[in-house]
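The values are calculated or read from the model by the stated rules, or taken from the named source; none is laboratory data. This is a predicted model, so every value here is computed, not measured. Cβ sites come from the backbone with ideal geometry, for glycine too, and all protein chains shown count toward neighbours.
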Amino acid sequence: MKKNTRIVLALDETDKKKALKVVNDVREHIDAVKINWPLVLSAGPEMITELSKMTDVICDFKVADIPNTVRLIVEGAVSRGASAVIVHAFTGEDSLKAAVGAAGKAEIYAVTEMSHPGGATFTAKHAEEMAVIGVKCGVAGFIAPATRPERIADIRRIIGARKILSPGVGAQGGSASAAISAGADHVIVGRAIYSSQDPKRTASEIENEIRAVL
């Protein structure tokens, strides 16, 4: 995944036509697009392939299952053009190793701590443990919350040079510049961009905010 603007668009839009238009409008201001189940369930898995022709696609399926099921999901996403897949780390080493093995040249990102308030209930308490497991299993990077930038710094100290993608910028209250300053490689921004009246302008403004702290 390129590292030009440091922005990953979280495309949780369910209207296929609108989703494609938004990506086309903002493509020069993003490094990748992250899609989740809402878009896949409404538009079909072929959206992975269609979007991959425009930019790198991260399948945020937050896979949390036994190794064989993890393998099948990751293989399915990558075969359709995904550049990366997000998985949960709490499933343990065997499942994480299955994800990494199935990804081939694609990247696996493991969740350490979720960005919503409920993330503090469980994932935050075990984030460092999950980061250690992820490093051991060879994942390319981790998900750490822009809503709690100090936690990004905590994870960075454990994982070294591996990548950090930070969700929660915009609608959830996280700051793009604070996340990048804390050690994130990319910020994940969704509703603030795709629900904007002018997605391209909003993405450009966030890009400028990030460049100001680089």
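Figures for the structure shown
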{"read-out": "Condition met for residue 114 (under 17 Å from the mean Cα position of the chain (by Cα), part of a loop (DSSP other than H, G, I, E, B) and under 29 Å from residue 170 (Cα atoms))", "value": "yes"}
{"read-out": "The range 83-97, residues that are part of a helix (DSSP H, G or I) and either more than 12 Å from residue 139 (Cβ to Cβ) or not small (Gly, Ala, Ser) (or both)", "value": "93, 94, 96, 97"}
{"read-out": "Test: residue in the range 16-27 that is outside any helix (DSSP H, G or I), at pLDDT 95 or above and within 12 Å of residue 199 (Cα to Cα)", "value": "no"}
{"read-out": "Failed criterion for residue 134 (all others in (1) assigned to a loop (DSSP other than H, G, I, E, B); (2) of a type outside the set (A, V, I, L, M, F, W, C); (3) within 28 Å of residue 66 (Cβ to Cβ) hold)", "value": "(1)"}
{"read-out": "Out of 148, 156, 162, sole residue that is among the basic types (Lys, Arg) and in contact with a Phe, Trp or Tyr (Cβ under 8 Å, 6 or more places away or on another chain)", "value": "162"}
{"read-out": "Subset of the range 172-194 that is within 23 Å of residue 15 (Cβ to Cβ) and in contact (Cβ under 8 Å) with a residue 24 or more places away in the chain - its residue that is surrounded by the fewest Cβ atoms within 10 Å (Cβ to Cβ)", "value": "191"}
{"read-out": "Members of the range 156-171 that are closer than 17 Å to residue 3 by Cα and surrounded by fewer than 17 Cβ atoms within 10 Å (Cβ to Cβ)", "value": "161"}
{"read-out": "Test result for residue 33, in a helix (DSSP H, G or I) and buried (at least 21 other Cβ atoms within 10 Å of the Cβ)", "value": "no"}
